[in-house]
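Step one of this worksheet: look at the structure below.
Rule-based calculations on the coordinates, nothing more; no lab input. Treat the numbers as computed from the prediction; the structure is a model and nothing was measured. Using ideal geometry, Cβ is built from the backbone for each residue, glycine included, and neighbour counts are taken over all protein chains shown.
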Amino acid sequence: MSSTLYRMARACFHARKRVLAAWIAFTVLLGILTVTARGTFDDGFRIPGANSQVALDQLKMTFPEAADSSATLLVIAPAGLSIQNPAIKTAVDDELKKIEQIPWVKGTTSPYNEYVKGMVSDDDQAGYARIRVTGSVSTFTEAQREILTEHATTLQAAIPGSQVHMGGEVYSVTMPHVSAVEAIGLVVALIVLVVTLGSLLASSIPLIAALAGAGQSIMLILIFAGLIPINSTSMMLALMLALAVGIDYSLFIVSRHRDQLAGGLDVEESAARATATAGSAVVFAGLTVIIALVGLSVAGIPFLSTMGIFAAVSVAIEVALALTLLPAMLGFFGERLRPQPATRAKKVGGFNASRWWVGVVTKYPIITIVLVVAALGALSVPAKDLWMALPNSGRSHPGAADRVTFDQISEHYGVGANGTLVITAQIVESTDPLKITDGLKADIESMPGVKLVAASVPNRNADTAMVQVIPTTGPDDPATSTLVKALRDREPEWRAKYGVSTAVTGFTAIAIDVSDRLAGALLPFGLFVVGLSLVLLTVVFRSIWVPVKAALGYLLSVGAAFGATTLVFNKGLFKEVINLPEAVPVISFLPIVLMGILFGLAMDYEVFLTSRMREEFVHGNTETAVEEGFVHSAKVVVAAGLIMFAVFAFFVPAGEGVIKPIAFGLAIGIAIDAFVVRMTLGPAVMKLLGRRAWWLPAWLDARLPVMDIEGEALAHQLSLADWPVPDAPGIVYTEGLAAAHGAKTLFSDVDLELLPGNVVVVTGPEPARKALLLALSGRLVPTSGRAKVLGYVIPQQNSDIRNHTTFVDGADASSLAHLGRLRGEFVVVEHADRLEGASRAQLAALASDRGRRTLVLSAAKAENLADIVTAGDGVQVLELPDAAPAESSRPAKRGIPQDADVQAPLTVDPPDEPYTPIADLMLEGAKK
């Protein structure tokens with residue numbers, strides 16, 4: 001990966017004007033599409049397949065007036081008068097008739113409707129009307145709300161001393177917006193960047209990249225909102241994530257770039273190396289966040305899946321910007337980013353906060369571990385009482401129109417009047433629908449938790465009955481959920497008694513089903529996230545214990561974040577600090593969203609801290625690897641943690657509805673994970689484990705892919721850039737090249753120098769010959785030595801070697817066709833002595849044309865190729881000895897340069913061309 005990023009960064013550096021132009025063009029295109037084709041958000045909560053959702057969809061077809069979006073007009077009579085007063089009644093009915101003249105009003109239900117009970121309060125002080133409107137809650141505009149509000153004001157003026165409030169579901173939508181408070185988070189981020197990087201100019205780069213990605217993400221969401229249903233929370237979530245990860249990812253690369261410039265590295269080389277090394281960690285970190293966000297679809301709820309996908313897209317855009325636009329910007333700024341000598345000067349023997357802290361937490365690691373686990377465990381305990389619900393008007397900000405109406409209805413009618421349940425019954429086969437509706441009404445009214453049945457009527461076609469139930473408890477009260485379950489449990493009884501199937505629906509029932517579905521998805525999603533972290537970190541760190549430590553630390557962070565959220569939002573502790581008026585439940589999907597996002601971000605810090613410790617360990621600094629790795633990475637991790645905390649935290653005070661608890665949970669979770677788990681618990685555990693932290697079974701090590709986020713492969717590649725001499729003319733150079741399989745050395749100490757047009761005939765045991773040819777053609781990773789083919793370094797640039805090399809197996813008929821369509825100037829022919837007829841003549845012609853291609857031919861004996869290769873200048877014979885026991889059976893780390901005495905199982909890379917024998921190289925060839 002580091003080699004690929006290195007080449008890509010160099011290309012972006014050179015073509016910086018075109019890279020910048022491409023990103024500007026992309027942004028302009030998105031802007032045009034946003035202006036011309038933007039859509040509106042859909043804040044409805046749908047759960048396909050759920051009983052309540054199916055019933056609601058059917059209700060919209062059979063009883064549309066019951067499923068329409070609506071507003072609520074609440075009239076409270078003047079003191080001493082009844083709502084039944086003729087003058088009041090006349091004024092209310094007259095105003096409702098005027099409202100019905102509005103084109104987008106589909107109808108009204110008066111408080112005095114004789115077929116609907118409960119619209120007038122028991123004390124005759126209040127009455128409410130239902131106003132059905134076209135469209136959905138999400139498409140209802142502010143202008144339409146103002147028109148209805150004007151009618152309410154007119155009615156209040158017509159009834160002196162009365163109170164008239166307009167609310168209901170179409171008033172409950174609060175569109176997300178960004179205020180000046182959120183911008184303070186960016187100011188804090190800039191201050192942290194300046195302190196960390198020591199340059200205002202360098203600090204501007206991460207902000208520019210993050211803001212560009214955030215803007216592009218928002219425009220994409222607005223465009224797709226016109227094509228698919230997207231919740232408005234998706235935009236704010238994507239904005240928060242884009243800003244947080246965008247700044248952090250760019251910070252890691254720019255910080256590495258500045259450090260390298262301070263060491264005297266060339267600007268272009270530094271930009272490429274910084275992107276290759278820090279950029280590798282950025283790719284891994286971004287992928288973990290993306291996978292976790294896409295994993296939100298585990299819940300099977302479309303609006304949550306969509307939210308996760310677009311949040312993942314925002315992260316992907318920020319990663320792409322960090323890997324392409326950032327190197328281009330480093331090219332534009334050039335030498336101006338190089339620190340001044342005074343800036344680079346370091347105090348000798350001065351106080352180092354990072355060294356002091358890691359010394360404190362690792363001096364007695366067991367004590368540190370116990371204290372941290374006990375503290376975070378205690379903070380996690382309240383999470384068991386986390387109160388979740390979907391938003392409703394009762395949770396709007398006090399003083400909002402829908403909240404005032406909600407509270408007044410609760411006061412005059414009881415809290416259950418705001419959480420009406422709807423029961424549908426299929427009566428198409430019934431001969432007496434009124435008997436069924438009356439029977440259902442009587443049965444339901446006798447149930448505990450039911451205040452009254454407001455209506456129980458069949459539709460015009462007499463195929464569906466609708467029963468409106470007013471509970472005694474509020475919409476987000478657990479007792480209401482119990483009532484819904486009790487109503488559903490009676491379905492078999494009513495089927496037997498009345499011959500009808502029933503279902504419970506309505507917003508309250510759907511909200512309960514969504515919450516239950518989300519609660520049920522927490523465990524599988526948690527297992528997915530923890531399992532993913534174990535797999536990914538095992539690949540990255542080549543260790544068993546490090547992933548286990550990281551996963552357990554993640555669980556502590558999540559638990560503590562949930563606990564803090566419970567204390568503040570559910571219990572109301574310190575609610576004033578975050579501008580929370582009262583204790584409220586949190587949105588039902590907060591736990592799964594928080595788990596997904598926090599997982600990805602936690603892995604960021606794990607990678608940046610632990611990878612540096614591993615780098616120290618691999619380089620032989622085994623005793624102080626933890627301390628030195630921490631000291632070298634702590635500064636940038638502290639800065640990244642502070643930036644991410646600031647971005648999330650400043651979305652809390654002015655945040656409304658859904659976004660407030662999400663931003664709070666992320667801010668607390670990030671702070672705990674970065675500073676307590678990763679920078680306190682992590683070093684203590686690593687110190688306690690010592691060498692055991694890096695243990696990995698050899699059989700597993702041989703089968704895992706290589707990520708190389710530390711850039712060791714790139715370092716090896718760059719170290720051989722001028723080997724054996726600058727601009728060396730040769731096609732192949734090897735020195736001490738060796739390969740082993742198990743306990744046997746297949747070949748060793750192979751030194752070759754092949755110039756253009758040279759031919760080498762390789763003889764000896766078949767497994768050894770095959771292994772060498774595969775290694776030279778970029779299809780096998782040798783265990784030691786160094787080699788370059790066509791200027792590419794083995795094994796870091798094996799893919800490039802394969803792309804410019806033709807491999808032919810003379811024993812495989814399907815492979816012989818490659819002789820007729822040679823690729824590149826380097827040709828490798830295995831079993832050349834088995835060629836016959838036209839193929840043999842073709843190879844002979846190729847060998848005689850010495851100036852065009854360099855050949856490596858394999859044969860059991862050199863004389864078997866006497867008619868193909870004639871002795872002379874440029875022809876070599878390399879005889880490989882029989883396989884011998886390897887000097888060491890200690891497994892090597894794949895993809896990492898090894899010392900000459902280290903042996904490892906062979907790794908065969910998949911060929912670009914189909915040929916069978918490669919797959920069974922060691923299984924069959926070694927046996928022969």
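Around Thr734, under 12 Å between beta carbons, what's the net of Lys plus Arg minus Asp minus Glu among the other residues?
Local charge sum for Thr734: -2.
Among Tyr115, Tyr364, which comes first, second and so on when ranked by fewest other beta-carbon atoms within 10 Å?
Exposure proxy ranking, most exposed first: Tyr115, Tyr364.
Tell me whether the chain comes out rounded, prolate or oblate; compute the Cα gyration tensor, take square roots of the eigenvalues as a ≥ b ≥ c, and use a/c under 1.5 as the rounded threshold.
Judged from the Cα gyration tensor, the chain comes out prolate (a/c at least 1.5, a/b above b/c).
Once Lys and Arg get +1 and Asp and Glu get -1 on their Cβ, which of Phe574, Gly331, Tyr171 lies farthest toward the positive end of the dipole of the chain?
Among Phe574, Gly331, Tyr171, the one farthest towards the positive end of the dipole of the chain is Gly331.
Could you give the nm distance between label points at Ile102 and Ala37, where each point is 7 Å from its Cα heading toward the beta carbon?
3.3 nm
Calculate, for Asp94 and Glu65, the FRET efficiency according to 1/(1 + (r/R0)^6) with r their C-beta to C-beta distance and R0 22 Å; round to the nearest 0.05.
0.50
Calculated FRET efficiency, Ala479 and Leu211, Cβ-Cβ r, R0 45 Å, to nearest 0.05?
In this case the efficiency is close to 0.40.
Quick one: of Lys117/Lys451; Lys435/Lys497; Lys60/Lys89; Lys384/Lys451, which pairs are farther than 21 Å apart, Cα to Cα?
Lys60/Lys89; Lys384/Lys451
Quick one: Met603, Met236, fewest Cβ neighbours within 10 Å first, how do they rank?
Ranked by crowding around the Cβ, least crowded first: Met236, Met603.
Given Ser515, Ser305, Ser814, which one lies farthest toward the positive end of the charge dipole of the chain, if we put +1 on the Cβ of every Lys and Arg and -1 on the Cβ of every Asp and Glu?
Sorting the options by dipole projection puts first Ser814.
Contour minus end-to-end for Glu863 and Ala375, with contour as 0.36 nm per residue of separation and end-to-end as the Cα-Cα distance?
Length gained between Glu863 and Ala375: 168.0 nm.
Given the range 421-505, what percent of its DSSP beta bridges are antiparallel, to the nearest 5?
DSSP beta bridges in the range 421-505 are roughly 100 percent antiparallel.
Compute the distance in nm between two label points, each set 7 Å from the Cα along the Cα-to-Cβ direction, one at Glu493 and one at Arg692.
In this crude spin-label approximation the distance works out to 6.0 nm.
May I ask which residue of Ile221, Ala276, Thr109 lies farthest towards the positive end of the charge dipole of the chain, with charges of +1 (Lys, Arg) and -1 (Asp, Glu) on Cβ and the Cα centre as origin?
Ala276
In the range 638-704, which trypsin sites (Lys or Arg not before Pro) fall in coil by DSSP and have 13 or fewer other Cβ atoms within 10 Å?
Arg703
Assuming R0 = 22 Å, what is the FRET efficiency of Thr431 and Gln58, from their Cβ-Cβ distance, to the nearest 0.05?
0.55
Evaluate the distance, in nm, between pseudo-label points positioned 7 Å from the Cα of Trp723 and of Arg852 along their respective Cα→Cβ axes.
Distance between label points: 3.3 nm.
So for the chain, averaging the separation of alpha carbon pairs under 8 Å that are six or more residues apart and normalising by length, what relative contact order in percent results?
Rounded, it is 13 percent for the chain.
Rounded, prolate or oblate for the range 742-841? Axes are the square roots of the Cα gyration tensor eigenvalues, ordered a ≥ b ≥ c, and the cut-off for rounded is a/c under 1.5.
The shape class here is oblate.
Please report the antiparallel percentage of the DSSP beta bridges confined to the chain, to the nearest 5.
Counting only bridges with both partners in the chain, antiparallel ones make up about 75 percent.
Is the shape of the range 421-505 rounded, prolate or oblate, going by the alpha carbon gyration tensor and its root eigenvalues a ≥ b ≥ c, with a/c under 1.5 for rounded and a/b larger than b/c for prolate?
Here the range 421-505 falls in the prolate category.
So how strong a dipole does the chain carry about its Cα centre when Lys and Arg Cβ are +1 and Asp and Glu Cβ are -1, to the nearest 20 debye?
That gives a dipole near 1180 debye.
Could you give the length gained on full extension between Gln84 and Ala743, defined as 0.36 nm per residue of separation minus the Cα-Cα distance, in nm?
Full-extension gain reported as 227.4 nm.
On a full-extension model of 0.36 nm per residue, what is the gain between Arg7 and Thr870, subtracting their alpha-carbon distance, rounded to one decimal in nm?
Between Arg7 and Thr870, full extension yields an extra 306.6 nm.
Calculate for the chain the 222 nm mean residue ellipticity that helices alone would give, adding -39,500 (n - 2.57) per DSSP H run of length 4 or more and normalising by residue count, nearest 500 deg cm²/dmol.
It lands at -16500 deg cm²/dmol.
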